[in-house]
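Have a look at the structure below before the remarks.
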Amino acid sequence: MIKSGLFAFVAQIGLSIIVLYAVKNKKSIFLLLAILIHTILDLGAAIFGKNILLVETYVAIFAVLSFVWILKSKTLFIQDESLNKTLI
């Protein structure tokens, strides 16, 4: 059960970063993307609800993809910060 919560937590952080990027850069398409991904995540968990192993695997896949996104998205915000420093 702890793994399931951890996987969901990582996925939520990844989605939160997409929302942060959307708000910071005023790109509503990324907000819609985060909502779509969240819906797909919830839908899959509902479809596989009776088979715990499938639900765990499904959420784990999202968690791994989210973790990769978390690591890669750091460069988006570092580039923005360095640009802000040169403008000031």
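The values are calculated or read from the model by the stated rules, or taken from the named source; none is laboratory data. Fair warning: this is a prediction, and the values are worked out from it, not measured in the lab. No Cβ is skipped: glycine too gets one built from the backbone with ideal geometry, and neighbour counts run over all protein chains shown. We work out accessible area using only protein heavy atoms, side chains counted, and drop any ligands, DNA or RNA first. Shrake-Rupley method; radii C 1.70, N 1.55, O 1.52, S 1.80 Å.
Numbers at a glance
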{"item": "³J(HN,Hα), Karplus 6.51/-1.76/1.60, whole Hz, each residue of region 61-68, x for Gly, Pro", "result": "4, 4, 5, 5, 4, 5, 5, 4"}
{"item": "Fraction of accessible area attributable to carbon and sulfur, region 28-68 (%, probe 1.4 Å)", "result": "84"}
{"item": "Linear extension gain, residue 68 paired with residue 39, 0.36 nm per residue minus alpha-carbon span", "result": "8.5 nm"}
{"item": "Debye, to nearest 20: dipole size of region 1-72, +1 on Lys, Arg Cβ, -1 on Asp, Glu Cβ", "result": "260"}
{"item": "Theoretical FRET efficiency, 1/(1+(r/R0)^6), r = Cβ-Cβ of residue 53 and residue 20, R0 30 Å, to 0.05", "result": "0.35"}
